[in-house]
Amino acid sequence: MAGGGGTRLWPASRRKRPKQFLPILPGGQTLLGATVARLLPLVPAERILVVTARSQVGEVERCVPEIPKANIVVEPIGRNTAPCIGLAAVDVMGRDPNGIMAVVPSDQYVTDADTYRQSVARAIAVASSGDICTIGIPARTPETGFGYLERGDQAANGAYALTRFVEKPDAKTAQDYVASGRFVWNSGMFFFAAERILSEIDRHMPALGKILSEIRKNRGETDRLYPDAPSESIDYGVMEKLPAGQVFVELGDFGWNDVGSWSAIGEIRNSDENGNVPTGETVTVDAQNNILYAGEGRVIAAVGVSDLIIVAEGDAVLIMPRSRAQDVREIVKALEKTKRETYL
């Protein structure tokens, strides 16, 4: 999945260039490029599909030229993960009616690719037996920016029964989750047969199921039909409605980071001797523990400041405390409210 609105790393990320297309990883690699690279030893390029917005097709081709152009599935309009996954399932069914899908976000960072592939392979094995599987990340800190999964006992297939999905909690609840040892972070990865997920969409999201059925009959109607799809996540629209015992969770401890805010850049890039994390052309004097991102043709000079996020990209500059990294979305909302969408 490689669409998105480009809000959480604004102003470097924009609607036409969300974070998975930015050169934010060490060596200037993109998150999408890294996602495909760590999957290629497991799945050949001709069996990797990338679902994205029409306005982002060029970015996909630039970041992962090894993916055949015919494997870029275009959403006419963003409609959240349930329609996105359903549209991909329609494509998979057209290629292989027995196809097993591994659904992975393109904007996550992983430090241990070998362990990641082992976890993915185990989840695929669960899906190949007819079940639905997801991957849960061991929750070591009480993060309030992640969804959680509550796991039950280990099942015969080696994975754990999934008891329930939980939305992003408050700080006290997150602490209780971590202390219990039963909760893991929701990675947003899912594994199932294409036919299975389409049948579950038919059952639990009949309006979307009807649209996807019509698209299967005539792919030329996608642009007309797809915009009427309900905007809903696969978690809420389908997974949370499945009875206990129908979804399993595989544990994955492979250095996962969903790069959900500018503060995450400090976790995936090296800092200098003063704790500054620079990307692009930057100069610092008596500055400590800042995250600095200078876009092409820009330079950031920071003097006597600490614990800031400073981003200069194109026609916008962002300055905020590192402690308020999650509040970038408030800037995006303000720009939308004041109809200054040219900056988005």
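Of note:
- When Gly188, Gly220, Gly181 are checked against the criterion of being of a type in the set (Gly, Ala, Ser) and touching a residue at least 24 places away in the same chain (Cβ under 8 Å), Gly188 stands alone in meeting it.
- For segment 20-49, a residue qualifies if it is at pLDDT 95 or above, over 14 Å from the mean Cα position of the chain (by Cα) and of a type in the set (Gly, Ala, Ser), and the qualifying residues are Ala37, Ala45.
- Any hit, segment 279-301, residues being loosely packed, with under 15 Cβ neighbours inside 10 Å, in a loop (DSSP other than H, G, I, E, B) and polar (S, T, N, Q): no
- The set of residues in segment 267-278 that are crowded, with 18+ Cβ neighbours inside 10 Å and without any contact (Cβ under 8 Å) to a residue 24 or more places away in the chain comprises Val277, Pro278.
- Verdict on Phe165 being among the aromatic types (Phe, Trp, Tyr), assigned by TED's automatic domain parsing to the domain that holds Val43 and touching a helix residue (DSSP H, G or I) at 6+ places or on another chain (Cβ under 6 Å): yes
- Within segment 60-82, being acidic (Asp, Glu) and either assigned to a helix (DSSP H, G or I) or closer than 16 Å to Gln20 by Cα (or both) holds for one residue alone: Glu61.
- Across segment 31-59, the qualifying residues are those that are hydroxyl-bearing (Ser, Thr, Tyr) and assigned to a helix (DSSP H, G or I), and the one among them that is surrounded by the most Cβ atoms within 10 Å (Cβ to Cβ) is Thr35.
- Every pair of residues 6+ apart whose Cβ atoms lie under 6 Å, when the first sits in segment 92-103 and is assigned to a loop (DSSP other than H, G, I, E, B) and of a type in the set (Gly, Ala, Ser) while the second is at pLDDT 95 or above and crowded, with 19+ Cβ neighbours inside 10 Å: Gly99/Val92; Gly99/Ala194
- The criterion of at least 1 residues that are buried (at least 17 other Cβ atoms within 10 Å of the Cβ) and hydroxyl-bearing (Ser, Thr, Tyr) is met by the following helices (runs of 4 or more DSSP H) wholly inside segment 124-238: 171-180, 222-225.
- Qualifying residue in segment 2-19 (condition: under 26 Å from Arg122 (Cα atoms), in a loop (DSSP other than H, G, I, E, B) and at pLDDT 95 or above): yes
- Qualifying positions in segment 8-30 - buried (at least 19 other Cβ atoms within 10 Å of the Cβ) and in contact (Cβ under 8 Å) with a residue 60 or more places away in the chain: Arg8, Leu9, Trp10, Pro11, Ala12, Arg14, Pro18, Lys19, Gln20, Ile24
- Unique match (being in contact with a Gly (Cβ under 7 Å, 6 or more places away or on another chain), outside the structural domain of Val247 (by TED's automatic domain parsing) and among the aliphatic types (A, V, I, L, M)) among Ala53, Ala12: Ala12
- Pairs, first over 19 Å from Thr342 (Cα atoms) in segment 296-323, second aliphatic (A, V, I, L, M) and surrounded by fewer than 16 Cβ atoms within 10 Å (Cβ to Cβ), C-beta under 6 Å, six or more apart: Ala301/Val283; Val303/Val285; Ile310/Ile319
- For segment 49-63, the set of residues classified as of a type in the set (Gly, Ala, Ser), in contact (Cβ under 8 Å) with a residue 24 or more places away in the chain and out of contact with any Asp or Glu (no Cβ under 6 Å at 6 or more places or on another chain) consists of Ser55 only.
- Counted residues, segment 101-138 - those being touching a Leu at 6+ places or on another chain (Cβ under 6 Å) and closer than 27 Å to Gly5 by Cα: 3
The values are calculated or read from the model by the stated rules, or taken from the named source; none is laboratory data. Because the structure is predicted, anything quoted here is derived from the model rather than measured. Counting neighbours? That spans all protein chains shown, and the Cβs are built from the backbone with ideal geometry, glycine included.
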